[in-house]
Amino acid sequence: MRKVIDLQMEFWKKDIANIEFDLKSRDEIPQLLMGLQYIYRTPVIREKVFEVLKQIVPKQSHETGRPGMDLWKILVLGTLRLNCNWDYDKVHEMANNHQKLRQVLGHSEADSGSSYALQTIRDNIALLTPPILDEINQIVVKAGHCMIPTKKDQKLRGSCDSFVVETDVHYPTDINLLFDAIRKMIRLIAIISSEIGVTTWRQSHQNILKVKRLLRSIQALKRSSSKDEAKQQKREQFIAGEHQNYIAVCQGFVSKVKETIRILRELGILTVSQDLRLNAVEEYIGHAERQIDQIRRRVVLDEKIPHEEKVFSIFEPHTEWISKGKAGVPQELGLSVCVLKDQYGFILHHHVLERQTDNQLAVAMAQGAKDRFENLVACSFDKGFYSSENRRQLSVILDYVVLPKKGRLSAQDKEIEQSEGFIESRRKHSAVESCINALENHGLDRCLDHGLHGFKRYVALSVLARNIQILGHLVQQKELKRQKRQKAA
């Protein structure tokens, strides 16, 4: 049985709409909580958000089954985690002990017996999906626009840029990726064998250590610095021999695991859980065989491995090797995220790039933002988004497009880019870098969730949390001005 929130007030509880915050605080927690409070106490916005939150679980779960965490609490804890860049342990501690947060969650000061389990928080936040978060984000941004004191039919002007969100992986080499696959493969097959009573893998820990010692010895090898070609060749042969020994040992363990899997399946006594774990073992076998093949081709056959064949993490296979040419940052391991913000700082639209470049996404970003916010009339981009086709299509979608051209400019291009409006828009475009920096400082520098779906949820939750914080900041400033007027009167 799920509820969005229990709106039935009890005499010892304080209404969320009446919670008072320190208006002079510059910390992100009060701003985020004030933004959430504004959503709750504005009936029209609250109903829209609550209706979207009901999509998290099947309809029948709202009426039957065991009581689950209120959907409002999931939204509060999820946005707080991302906005404050906390791990789940920190969220768990704050949810059980932070006074203001507990009031926003619907608890009273005397309600000390009600606490949250760590796994409960993890499992419930994982119920949020990117489409649901995107719908809520649109509601929040429109609510923020209504708070801004502007003239009627205020047009939105956007700025679009991309940045890299890193995945939580170590620096990849073919030999340490092979060790990762062998380590997981042996550990999982040993656990399953032990549960069934097969003793083939009783020395699994020593087997992993054996592979690790070989890995460390290869990592310590250095190329010869001698000018004698014979010595250089001898050293290269020694290094190749060490790699061949390493992959031979790993290949032996792969064959042994395959044989164990065959025996276990023939026994016919595997549970559903054990069968799923065997499927995971077979995935790791595939990773191991790919890395063995690539190491042999690179070291023995002296072949250069094409970039598109490489995998940069066996745990986060969606990870890409991205080089943007930044000073001091030769490469970043993760995925690019494109964001489009308006002149008020609200993020109107975002997209996770999967093996895409900026110039392939310019039109989709503008069209996506235009579909969500019809009053978007202009948008600025940097040179990475340029193509002549992009400029043509963007001019159809938007009234005014700022898209600098790469390379040499024609006379017509010079006239466009030297116009006063173009130059002014280019100067304002840098504001999107401030938006990106704020996202990175509030949790979007490195994704701690697993899988591509977890990555997209992490990004969407961070964007929503940032917009709610901006909304809370507007509420805070409005209330401060109101108090100032009261004192002046």
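Taking Leu215, is it surrounded by 13 or more Cβ atoms within 10 Å (Cβ to Cβ), under 18 Å from Arg298 (Cα atoms) and in contact with a helix residue (DSSP H, G or I) (Cβ under 8 Å, 6 or more places away or on another chain)?
Details: surrounded by 13 or more Cβ atoms within 10 Å (Cβ to Cβ): yes; under 18 Å from Arg298 (Cα atoms): yes; in contact with a helix residue (DSSP H, G or I) (Cβ under 8 Å, 6 or more places away or on another chain): yes.
Taking the combined requirement at face value, the residue satisfies it.
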Those residues of segment 95-142 which are among the small types (Gly, Ala, Ser) and outside any helix (DSSP H, G or I), in sequence order
Gly106, Ser108, Ala110, Ser112, Gly113, Ser114, Ser115, Ala117, Ala126
Conditions first: (1) open to solvent by 30 Å² or more (accessible area, probe 1.4 Å); (2) in contact with a helix residue (DSSP H, G or I) (Cβ under 6 Å, 6 or more places away or on another chain); (3) under 30 Å from Arg183 (Cα atoms). Asp275 passes all but one, so which condition is the exception?
(2)
Can we say Gln291 is under 30 Å from Asp180 (Cβ atoms), modelled with pLDDT under 90 and not aromatic (Phe, Trp, Tyr)?
no
Condition first: touching a Ser or Thr at 6+ places or on another chain (Cβ under 7 Å) and open to solvent by 10 Å² or more (accessible area, probe 1.4 Å). Now tell me which residues in segment 443-462 satisfy that.
Arg457
Taking segment 390-421 as the region of interest, how many residues are among the charged types (D, E, K, R) and either open to solvent by less than 80 Å² (accessible area, probe 1.4 Å) or under 14 Å from Asp342 (Cβ atoms) (or both)?
4
Limited to segment 438-462, what total is found for residues that are at pLDDT 90 or above, more than 23 Å from Ile148 (Cβ to Cβ), of a type in the set (Gly, Ala, Ser) and touching a helix residue (DSSP H, G or I) at 6+ places or on another chain (Cβ under 8 Å)?
1
Among the numbered criteria (1) surrounded by 12 or more Cβ atoms within 10 Å (Cβ to Cβ); (2) modelled with pLDDT of 90 or more, which one does Lys428 miss?
(2)
Quick check: is even one residue across segment 463-481 modelled with pLDDT under 90, among the polar types (S, T, N, Q) and surrounded by fewer than 18 Cβ atoms within 10 Å (Cβ to Cβ)?
no
Quickly run through segment 136-155 and pick out the residues that are open to solvent by less than 70 Å² (accessible area, probe 1.4 Å), at pLDDT 90 or above and not small (Gly, Ala, Ser).
Ile136, Asn137, Gln138, Ile139, Val140, Val141, His145
Given (1) farther than 30 Å from Gln244 by Cα; (2) under 20 Å from the mean Cα position of the chain (by Cα); (3) open to solvent by less than 20 Å² (accessible area, probe 1.4 Å); (4) of a type outside the set (A, V, I, L, M, F, W, C), Ser313 misses just (1)
By residue number, the members of segment 401-448 that are without any contact (Cβ under 8 Å) to a residue 60 or more places away in the chain and assigned to a loop (DSSP other than H, G, I, E, B) are Leu403, Pro404, Lys405, Lys406, Gly407, Arg408, Leu409, Ser410, Gln418, Ser419, Ser430
Picked from segment 226-277 (must be part of a helix (DSSP H, G or I), of a type in the set (A, V, I, L, M) and farther than 20 Å from Lys184 by Cα), the residue farthest from the chain's Cα centre (by Cα) is Ala230
Tell me whether segment 362-374 contains one or more residues that are part of a loop (DSSP other than H, G, I, E, B), closer than 19 Å to Glu433 by Cβ and among the acidic types (Asp, Glu).
no
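The values are calculated or read from the model by the stated rules, or taken from the named source; none is laboratory data. The shown structure was predicted, so the numbers you read here are calculated from the model rather than taken from an experiment. Heads up, the Cβs are rebuilt from the backbone with ideal geometry, glycines too, and the neighbour counts pull from every protein chain shown. Areas reflect the complete protein model, heavy atoms only, side chains present, ligands, DNA and RNA absent. Shrake-Rupley method; radii C 1.70, N 1.55, O 1.52, S 1.80 Å.
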